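Reading through the structure tokens given below for one structure.
The values are calculated or read from the model by the stated rules, or taken from the named source; none is laboratory data. Being a predicted model, the structure only gives us computed values, none of them experimental. Here Cβ is always computed from backbone atoms with ideal geometry, including for glycine, and neighbour counts include all displayed protein chains.
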Amino acid sequence: MLDNIRIVLIETSHSGNIGSAARAMKTMGLSELYLVSPKQGIDEQAIALSAGAGDVVKNAVVVERFEQAVGDCSLLIGTSARLRHLQNSLIEPCQCGEITMQAAKCGEKVAIIFGRERVGLTNDELLKCRYHLTIPANPDYSSLNLAMAVQLVCYELRMAFLSQTAQEMPVVAIENTVKNTALLATAQQLEYFFEHTERLYQSLGFIQNQGVMQKLRRLYQRAAVEQNELNILRGMLTAVEKHLYFHKE
């Protein structure tokens with residue numbers, strides 16, 4: 001289950017934060033680290049602050065864009081302190097652990113995404129996440145550095161993992177469950193669908209501002225669309241396009 005979970009750090013400013021986050025991960029049994037356009041690459045400071053988790057740092061996957069880090073994942077969870085406009089999708093670390101482990105147990109790839117040290121995730125990045133994780137810290141002093149936040153979340157993942165394994169079904173039963181579980185659409189597949197939807201609805205004059213598309217994104221993210229369901233939705237869009245083209249002719 002833990003191998004299906006990746007921690008994604010967006011544009012980290014200091015290499016030491018990468019090492020400290022890797023240390024936080026390894027203490028809780030996680031090893032999949034993705035870095036999106038880090039401001040400082042992996043260097044001696046990153047290795048030093050990893051304190052024995054140098055293997056996690058050295059095996060980190062470095063990519064240029066957000067989409068490259070999460071494209072093959074079917075569950076994206078974004079972390080942020082400013083989430084008032086996303087109340088319907090808010091979860092806390094304990095819930096994050098439970099939701100993540102349920103998905104990972106079924107073979108789904110999960111990305112838990114941490115934003116820039118100073119400004120966090122952008123609104124566009126948050127809109128691509130199905131759930132939005134907030135840490136209910138002291139409102140009078142809610143300052144958590146990146147490694148602290150990663151440690152806290154990884155701890156809850158560990159606790160959920162231990163809870164799952166303590167009451168684990170027989171191996172054969174688990175394999176059958178995974179085989180019979182429909183795969184969720186990946187982030188990349190959803191992006192293709194959203195682009196298709198926006199293009200068609202704009203041509204129909206239905207979408208005239210980004211507010212509509214943002215609400216549609218939230219709707220489909222909450223629905224946890226399966227791949228076969230997404231194929232139906234895309235087929236419907238294509239059918240409408242063909243109908244419009246036929247009548248134009």
When region 104-153 is examined, which residues are found to be hydrophobic (A, V, I, L, M, F, W, C), in a strand (DSSP E or B) and in contact with a Phe, Trp or Tyr (Cβ under 9 Å, 6 or more places away or on another chain)?
Ala111, Ile113
Have a look at Gly71, Gly97 and point out the one that is surrounded by 13 or more Cβ atoms within 10 Å (Cβ to Cβ), assigned by TED's automatic domain parsing to the domain that holds Leu162 and either of a type in the set (Ser, Thr, Tyr) or under 19 Å from Thr122 (Cα atoms) (or both).
Gly71
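What are the residues in region 205-249 that are among the aliphatic types (A, V, I, L, M) and either closer than 22 Å to Leu127 by Cβ or modelled with pLDDT under 85 (or both), if any?
Residues satisfying the conditions are Ile207, Val212, Met213, Leu216, Leu219, Ala223, Ala224, Val225, Leu230, Leu233, Leu237, Leu244.
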In region 208-222, anything surrounded by 14 or more Cβ atoms within 10 Å (Cβ to Cβ) and either out of contact with any Asp or Glu (no Cβ under 6 Å at 6 or more places or on another chain) or of a type in the set (Lys, Arg) (or both) is listed as Val212, Gln214, Leu216, Arg217, Arg218, Tyr220, Gln221
Filtered residue count, region 202-225, keeping only those that are part of a helix (DSSP H, G or I) and in contact (Cβ under 8 Å) with a residue 12 or more places away in the chain:
9
Look through region 1-35, keep the residues that are among the β-branched types (Val, Ile, Thr) and within 13 Å of the chain's Cα centre (by Cα), and return whichever of them is farthest from Asp124 (Cα to Cα).
Ile5
Of the residues Thr165, Thr134, only one is among the hydroxyl-bearing types (Ser, Thr, Tyr), loosely packed, with under 13 Cβ neighbours inside 10 Å and closer than 27 Å to Thr186 by Cα; which?
Thr165
